[in-house]
Amino acid sequence: MFNKFPNRVGIFAKDLCGLSFDVRNSIQEAFHHGLKGSFIGTALNASQTLDQCELEDIRQVAQESGITLGLQIGMLNPYQPERSSDALEVGNGDLAKGLLKLTEAALQLGQPNVMLVVGKEEDRFNRSVAWSDQLAEVASFLKRLEPDLRSLGARVLIKTHEEITSWEVRRLLEVLDSNLFGVAFDPVNLIVRMEDPIAAADRLAGLIWQVHVDDARLLWNGRGYSRLLCPLGNGCIDWPALMARISASDPDAWYWGEIHRAELDIPFLNEGWFDTHPDNEIAEVATWISKGMPLSESPLSLVGDIDERIRAVTRHLLDGDARLRDMHIPQV
């Protein structure tokens with residue numbers, strides 16, 4: 001029985017405050033909305049030079065407001081080093097050094113768990129370098145970071161981003177130290193890989209340290225589905241059931257509202273599409289297909305009304321009583 005909603009809830013600062021946000025203002029906005037966290041991106045948003053005094057000042061402001069800062073360290077695909085520009089700059093051209101410096105700065109801001117994105121959807125379909133080879137290189141690179149992460153007392157959370165499946169994240173973690181690596185679980189991205197979010201949560205149970213909260217519909221486009229982003233509760237993700245499942249297996253996870261904007265297609269009728277997703281099983285694919293909307297005229301944008309989506313995700317994260325009523329669970 002699920003009768004307790006998480007109190008570790010926050011939102012991405014770029015969504016609540018705009019792309020050019022001030023970290024101090026994002027802390028106050030999160031506090032004003034009754035949230036417990038503000039996800040600020042990399043530590044460079046707190047201090048462009050990673051100055052210890054500036055980082056300490058931001059940490060104190062957040063602590064005094066009762067706000068936890070969420071941090072990431074960027075992207076890591078050794079075949080696409082240009083995407084790791086922040087880490088390369090911080091590390092003076094040394095990617096590993098830069099990632100570790102960003103991780104250390106996150107610790108100074110009070111956050112031991114930092115998010116990492118592997119790449120972009122186009123990487124999966126790169127014909128010059130097999131996706132399996134790219135993942136192997138990512139695993140090898142992260143393995144080399146383990147001694148330093150252990151020394152720092154930090155953990156890297158690999159995000160279920162648009163390009164990667166839960167099976168692949170699980171296999172990455174099987175060759176890495178589970179005390180040093182975990183999962184940033186983002187179901188709105190997993191549906192682009194034709195995964196059922198609840199089944200994916202079961203695959204990653206015990207490894208999830210943060211959850212990205214958003215919603216989407218699957219809209220038929222002639223060759224498959226398009227991801228139609230929408231306010232929470234209006235999409236195909238069963239959030240009450242998903243939260244119940246994750247809360248049981250990973251009770252310490254943070255829940256971060258993230259307003260996605262990428263307009264992504266799932267052209268599964270294209271020849272060879274399933275060859276690039278060898279883990280997908282018929283039963284789960286059938287469940288996924290059943291969530292799709294019938295053929296209809298596509299809206300001008302698949303991103304939806306951003307302000308409405310922010311209101312919906314904030315209301316969901318905070319209004320535990322309403323969520324309990326929706327799930328028909330008695331309050332205790």
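The values are calculated or read from the model by the stated rules, or taken from the named source; none is laboratory data. Please read all numbers here as calculations on a predicted model, not as lab measurements. Every residue, glycine as well, gets a Cβ built from its backbone with ideal geometry; the counts of neighbours run over all protein chains shown.
All of (1) surrounded by 18 or more Cβ atoms within 10 Å (Cβ to Cβ); (2) under 24 Å from P6 (Cβ atoms) hold for D86 with one exception: (2). Within the stretch 290-297, does at least one residue satisfy the condition of being over 19 Å from N189 (Cβ atoms), modelled with pLDDT of 80 or more and not in a loop (DSSP other than H, G, I, E, B)? The answer is no; no qualifying residue exists. State yes or no: is E146 assigned to a helix (DSSP H, G or I) and either modelled with pLDDT of 95 or more or in contact with a Phe, Trp or Tyr (Cβ under 6 Å, 6 or more places away or on another chain) (or both)? So E146 passes the test. Of all the numbered requirements in (1) of a type in the set (D, E, K, R); (2) more than 28 Å from G257 (Cβ to Cβ); (3) more than 23 Å from the chain's Cα centre (by Cα); (4) modelled with pLDDT of 95 or more, D57 misses one, and that requirement is (2).
Applying the criterion of being among the acidic types (D, E) and within 18 Å of A312 (Cα to Cα) to the residues of the stretch 237-262, the residue that is surrounded by the fewest Cβ atoms within 10 Å (Cβ to Cβ) is D238. Report whether or not V90 is in contact (Cβ under 8 Å) with a residue 40 or more places away in the chain and within 30 Å of D265 (Cα to Cα). Here the answer is no, as V90 does not meet what is asked. When S20 is tested against (1) at pLDDT 95 or above; (2) surrounded by fewer than 22 Cβ atoms within 10 Å (Cβ to Cβ), just one condition goes unmet, and that condition is (1). Residues in the stretch 1-22 that are in contact (Cβ under 8 Å) with a residue 40 or more places away in the chain and part of a loop (DSSP other than H, G, I, E, B) were compared, and the one that is farthest from A106 (Cα to Cα) is M1. Of the residues making up the stretch 126-135, those that are surrounded by fewer than 15 Cβ atoms within 10 Å (Cβ to Cβ) and assigned to a helix (DSSP H, G or I) are S132, D133.
Go through the stretch 46-55 and give me each residue that's surrounded by 14 or more Cβ atoms within 10 Å (Cβ to Cβ) and in contact (Cβ under 8 Å) with a residue 12 or more places away in the chain.
Of everything in the stretch 46-55, those that are surrounded by 14 or more Cβ atoms within 10 Å (Cβ to Cβ) and in contact (Cβ under 8 Å) with a residue 12 or more places away in the chain turn out to be A46, S47, L50, L55.
Please work out if A262 is in contact (Cβ under 8 Å) with a residue 40 or more places away in the chain, small (G, A, S) and assigned to a loop (DSSP other than H, G, I, E, B).
yes
Quick check on the stretch 23-45: of everything there that is part of a strand (DSSP E or B) and not aliphatic (A, V, I, L, M), which residue is surrounded by the fewest Cβ atoms within 10 Å (Cβ to Cβ)? My answer is G41.
Checking each residue in the stretch 150-164 for being in a loop (DSSP other than H, G, I, E, B) and in contact with a Pro (Cβ under 7 Å, 6 or more places away or on another chain) picks out G153, A154. Filter the stretch 88-124 down to residues that are in contact with an Asp or Glu (Cβ under 9 Å, 6 or more places away or on another chain) and β-branched (V, I, T) and give me whichever is farthest from A262 (Cα to Cα). By that ranking, first place goes to T103.
Among the residues of the stretch 74-95, some residue qualifies, meaning at least one is within 22 Å of E146 (Cβ to Cβ) and β-branched (V, I, T). Pairing residues of the stretch 102-119 that are among the charged types (D, E, K, R) with residues that are at pLDDT 95 or above, at Cβ distances under 7 Å and at least 6 apart in sequence or on separate chains, gives E104/L152.
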